[in-house]
Every structure is written in structure tokens, then in C-alpha cells.
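The structure under discussion appears below in the form of C-alpha cells.
The values are calculated or read from the model by the stated rules, or taken from the named source; none is laboratory data. All of these numbers come straight from a predicted model, not from anything done at the bench. With ideal geometry, Cβ positions are generated from the backbone for all residues, glycine too; neighbour counts draw on all protein chains shown. Remember, those area values only see protein heavy atoms, side chains included, never the ligands or the DNA or RNA. Shrake-Rupley method; radii C 1.70, N 1.55, O 1.52, S 1.80 Å.
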Amino acid sequence: MNTDAPWPSLDEAESRVLGIQTKLHQWATDNPDRRFDDLFNLVADPAFLTVAWDRVRGNRGARSAGVDGVKPADIVFGADTFLSQLRDDLGAGRFEPLPVRERMIPKASGKLRRLGIPTARDRVVQASLKLVLEPIFEADFKPVSYGFRPRRRPHDAIAEIQMLATRGYTWVLEADIAACFDEISHTGLMGRVRGRIGDKHVIRLVKAFLRSGVLSEDGVTRDTKMGTPQGGILSPLLANIALSVLDEHFVEAWASFGKNQQARSYRRSKGLPTYRLVRYADDFVVMVAGTRAHAEALRDEVAAVLSPMGLRLSEEKTSVVHIDEGFSFLGFRIQRQNRRGSNKAFVYTWPSKKALASVKAKVKAITKQGTNNPLSDLLRQLNAVLRGWTNYFRHGVSKATFAYLHQFTWLRVVGWLRRKHRRATWELLHRHYLANGWWPEHDGVALFDCRAVRVTRYRYRGAAIPSPWSRSTTTEVV
């Protein structure tokens, strides 16, 4: 490794990284059996470390510290020295990941999710590793998975489900993998990583991150003999590598059903099912054109595929439903209903009750805080939540929900104003805060109007979702 290589600017680094990633992706695409050697030099390359540091610094978690107590956001003036020392340690073989700091995050179900926070140094090396490994494994990943992949969105998964349900895939195996990030088998995962990576230094680095341990909230350090800590930059990619075994199984099954729609229709006419997987991270559904019995039979098939990876289905979250009953996925409710005023049925999507309850809880939490700050501060906090939530759900039948959220938020804000000015009359509140048609406004900041968000249909992209490093491709999905 040339440790005297000059440190590039961010623009130069990004250009170099993109060029190398494009080559790696093209080589992996052209030769599915190729194993890549001599990748460790790229992990420690100044350009890759520069881009990795920029992403770590720009990440929302930059204000969280690992076990070393160092927050990436606090490293401002010594960044060059920080990266140079990190590169020297990588080159000399001195780099060793530290345990991640565990934080327990409450889930909507009342349970707790483990979140692992790596140190600033570990985050940069993980980000650099991801820059090197992702374009290689993206060449192998199948179009049926959408979570934590470049240029793919939850809306693509929802659009795929809606398309399949419209075309006769009306039985749904709605599944969830129990404690996916906590129970992934290191042996099974590393076996899949070695299928593509031959550089022993990179393999050793990935294993070191998997086995780095966890410092729990009670101060006890635990070994990590399985799983990949949720919260690490590299963890989503490693989870996708492990779960790609499921994608490959169902893509092979889909290919066996025939090369075109006519062949699959003929198979169904003989009483045999056709089915397709739609996966987002550890949540997935299998859309089945057949009977309930066909969908139920897939439970054991899925369990057998996941077993070598040390994974199992969550019994409480796995069920078979019909599209007319509806189900929730990625925050959306998906259900087939008759259009109002007609007997023709369509598959609709709208925000689920759980998603609405979640945003209402956030609005409540913001409006329950003290009244010492001005109204404009409260509105800025609310606007960030409302704008993000409505932007996510604008691709659905969401107008009525947006109108309800609009009214709910208005009542919460007015209630906050009444507490802030307990002796004020309605006339005074109207003159100072609600003069614009009774709409809350203060110091040039107005409450975000959920009703004004335009609801549009999401453009179905199918398999024609190009990676950042290749031309787009299309495949028939019927």
C-alpha cells in the first residue's frame, strides 16, 4: 500500500471512487463466478476514506458517540490527522474494531430494539468497506429486494405488490424474520461473502466487525457469536447478503414457472400456483396466484431456505391473508375494494392505522413540551415531522388521512397556545397567532398544511431500476 499517496479533495475523491466502483460492478456482472482479490488497498485508499468520512459526518448519527466517547460531528479541525492515522493503522495491521455501544430503542409494539453504535473510527472503515463491497454484491442481488439498496425505495416494493395483486396474485404470505439482525449465522454469512471476496485481509476485517462485541447499557461487554449489530453502516449490506439466499430461491422458482405470461397462465390452468417474492430488508411478502393452501405451504419452504443462515420466521407476525382482507406493509395498508359507485374492484394503498398513530404520537410529544419557547420553534419541529410523513404517503389514497392529520395538528397547536397564554381571549390569540384564516403562524413560520400535499400515483418501475454503476435493464413481471 502506498501510504504516501496525497489526500484528494472531496470532488476528486468522489470521482475516483465512482470510477472504481463502476469497474468493480462491471467485472462482477460480466463474470458471476469471479472472486475479487486485492481489495484491501481500496478500503485504505485516501479517496475511499475521504468519501467514507464525508458520509459518516453527514449522517444523522454523527452526533452519537461510541464506546470511545468521540462524536464524528465534533471532529472538525483534526479530520486530516484523524484519517491519516486511521489509514496508517489499517496499513500496518494495527486496526481493531472496538465493541459497539448498545442502546435500547422502544418499538411501537412495546418491545425494545437493540441499536449498536460503533466508534467514529469504526464507522469510517465500515463506510469504506461498503463502498468497495456494495458494487460487487449488487451485481448478484435480485430485483425482488428493495431495502437498503441504492436507488430503490419502499414505494417500489408497494408498487410491485399492487401490480401483482391487480394481476391475480391475491393470496399473500405476509412474513417477518424474527430478530434478523441479532441471529444471522456468521458461518452462513461469511460463506456467502467468500463466494465473491478472495482478499483475506478484507475477509478478516469483516469478521472482526461481526465479532467486535457489544457494550450493553449496564456496562457489561458481550461477545457477538451471531448477528450483525443493527446501527452499523455495514450491517444492512451484510444482512442483504445473507437474505439474498431467499431472493435467489424465489427467483429460481419464478423462472421455473415459464418464460412468459402465457406459460405461467397455462401452469395455473392446471391447478398449480405461481408466486413471487417482494422483500424489503427483513420484511417480505410472497404474492401467490393460487389457493390459500398453496400460500400456507410456502411457510415451511421459506423456513427451510432461511435455516442455513440461522434465521427463522416470527410466528406472531407471519400469516396468510387474501388481498380483499388487506394487510399492512412498510406503513401502507394494501387492500382490494370496490370503487365507490361501481362494482369494479381495485387495489388501493393508504397510510395504515399504525403509521397514523405513530405520527400522531410524535405530534403529541412535540405539543406536550413546555411553553417557554416561542410558537415559531414549535412550528419548525412540527413542520419537519409533517412534511416528511406526508411526502412518504403522498403516493396513495391519502387525502382523507392528510385532512384528518391537518385537523388533529391544528387542535394540538391551539391547545398549546391556550396553555402558553392562559388568560388570553380568543380575540387576542387570533390577532397575534391565527390572523391568517385561523392558521397558526409566528415570526414568518406557518404550520405546514397537510391538505396542500398533492397526492399522486407512484410510477411503477418494475425491474428497470438501474444501479448507480450500470445501465438499466428490464424484465417481464406478470
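A few comments on the model shown:
- Debye-formula intensities of region 132-188, expressed as log10 I(q)/I(0) at q = 0.12, 0.21 Å⁻¹, are -0.44, -1.06 (one equal scatterer per alpha-carbon, no solvent).
- Equivalent ellipsoid semi-axes - Cα gyration tensor, region 156-221, angstrom: 36, 20, 10
- Given charges at beta-carbon only (K, R positive; D, E negative), |dipole| of the chain in Debye: 2360
- Counting only protein heavy atoms and a probe of 1.4 Å, the accessible surface of the chain is 49% carbon and sulfur.
- Distance from the C-alpha centroid of region 1-65 to that of region 151-198: 26 Å, rounded to the whole angstrom.
- Near A73, once Lys and Arg are set to +1 and Asp and Glu to -1 for all other residues with Cβ below 15 Å from its Cβ, the sum equals +4.
- Derived scalar couplings ³J(HN,Hα) [region 430-435; Karplus, 6.51 cos²θ - 1.76 cosθ + 1.60; whole Hz; x for Gly, Pro]: 5, 5, 8, 10, 10, 5
- Computed from backbone phi with θ = phi - 60° and the Karplus coefficients 6.51, -1.76 and 1.60, the 3J(HN,Hα) list for region 159-166 is 5, 5, 4, 4, 5, 5, 5, 5 Hz; x is used for glycine and proline.
- Cβ-based net charge around K142, under 14 Å, with every Lys or Arg adding one and every Asp or Glu removing one: -2
- For S212, neighbours were defined as the other residues whose beta-carbon sits under 13 Å from its Cβ, and their charges (Lys and Arg +1, Asp and Glu -1) total +3.
- FRET efficiency for S314 and T166, using Cβ-Cβ distance with R0 set to 25 Å, rounded to 0.05: 0.35
- Using a simple spin-label model with pseudo-atoms 7 Å out from Cα toward Cβ, D176 and R459 lie 3.4 nm apart.
- Estimated inter-spin distance, K111 and D74, nm [label 7 Å along Cα→Cβ]: 3.4
- Three-way shape label, region 84-149, alpha-carbon gyration tensor, a/c 1.5: oblate
- Listed residues S314, A400, A303: farthest to the positive end of the dipole of region 296-407 (Cβ charges): A400
- Remark: the R268-R34 segment gains 80.5 nm on full extension, using 0.36 nm per residue and subtracting the alpha carbon distance.
- Loop-exposed GluC sites (Glu not before Pro) per DSSP, neighbour cap 14 Cβ within 10 angstrom, longest uninterrupted part of the chain: 1-216
- Helix-only [θ]222 nm of the chain, DSSP H runs n ≥ 4, -39500 (n - 2.57) each, per residue, nearest 500: -14500 deg cm²/dmol
- Placing pseudo-labels 7 Å out from each Cα toward the beta carbon at D218 and S328 gives an inter-label distance of 3.2 nm.
- Entry for the chain at q = 0.05, 0.10 Å⁻¹: log10 I(q)/I(0) = -0.23, -0.91, Debye formula applied to identical alpha-carbon scatterers, no solvent contribution.
- Over every Cα atom in region 327-393, the radius of gyration and the widest Cα-Cα span, Dmax, amount to 16.8, 55 Å.
- One chain, two ends: N260 and K207. Fully extended at 0.36 nm per residue, the span grows by 14.9 nm beyond their Cα-Cα distance.
- Across region 86-93, rounded Karplus estimates of 3J(HN,Hα) from the backbone phi angles (6.51 cos²θ - 1.76 cosθ + 1.60, θ = phi - 60°) give 5, 5, 4, 5, 5, x, 8, x Hz, Gly and Pro being marked x.
- Once the C-beta distance of S470 and N436 is scaled by a Förster radius of 51 Å, the resulting FRET efficiency is 0.55 to the nearest 0.05.
- Entry note, the chain: relative contact order of 16 percent, from Cα contacts under 8 Å with a spacing of 6+ residues.
- Solvent-accessible heavy-atom area per residue, rounded to whole Å², over the chain at 1.4 Å: 50
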